[in-house]
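The values are calculated or read from the model by the stated rules, or taken from the named source; none is laboratory data. Note that the coordinates shown come from a computational prediction; the quantities given were computed from them, not determined experimentally. Glycine also receives a Cβ, built like all others from the backbone with ideal geometry; neighbour counts cover every protein chain displayed. Just so you know, the surface numbers come from the protein's heavy atoms only, side chains and all, with ligands and any DNA or RNA stripped out. Shrake-Rupley method; radii C 1.70, N 1.55, O 1.52, S 1.80 Å.
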Amino acid sequence: HICLYFSRKLAYNIGLIIMKVLLQNLTPYDKSIKWDIHKNFFLKRGADAWLNGEVPYDITSNSCAAYQNALLLYHAVKEMEKNNQLGEKEKINVLELASGVGLFAINFVDQFRRICENNKVNYFKRFQYFLSDFSEKNIEDASKNIYLKSLEEKGKINFVVVDALNPTKIKKLGKNET
């Protein structure tokens, strides 16, 4: 796509007519036309949006970013246990919203496991990750990943459909209950 921007003076000098068209009045993003376009794109494209390079994901789905987030979780759990805000046997649940194809989840779970092993703590045994997206197609596509499937079989990952705009309604993939 090529966008050309002209100053009013230049536009006048070359004979262009500048016309502003209002597509929508000021609207909250989640109720806007742009949001509908965005939402429908991901509902239809699923994993292909990432795998075909239409959506960049290098920044959020790399092992360095996952390590930093896993380390943050490790220290948060350690601090919560120290302050008696989390029992030593309580589950550690992590919900990732807008998971897309699950690449961040793969890196995060692996990094968190390594951190727990290196620090000789039982956090990973208590750990459960909820990989979610509002697009059921994205979650279905992610659930086909061999590594993520193995984590699901080990009880470490749950595939769920969650709309961040309505987070109280969570649907486990393949199940009708919420």
How far apart, in nanometres, would the label points at Glu153 and Leu97 be if each is projected 7 angstrom from Cα along the Cα-to-Cβ direction?
3.3
Aspartates and glutamates whose Cα lies under 16 Å from that of Lys78, excluding same-chain neighbours fewer than 8 positions away
Glu88, Glu90, Glu117
Once you place label points 7 Å from the Cα toward the Cβ at Asn52 and Lys82, how far apart are they in nm?
4.9
Probe 1.4 Å, all protein chains present, accessible-area order of Val109, Val94, largest first
Val94, Val109
Mind checking the full-extension length gain between Glu140 and Ile33? Use 0.36 nm per residue of separation minus the Cα-Cα distance, one decimal, nm.
35.9 nm
Give the residue list of GluC sites (Glu not before Pro) in the stretch 40-127 that are DSSP loop and have at most 12 other beta-carbon atoms within 10 angstrom.
Glu54, Glu88, Glu90
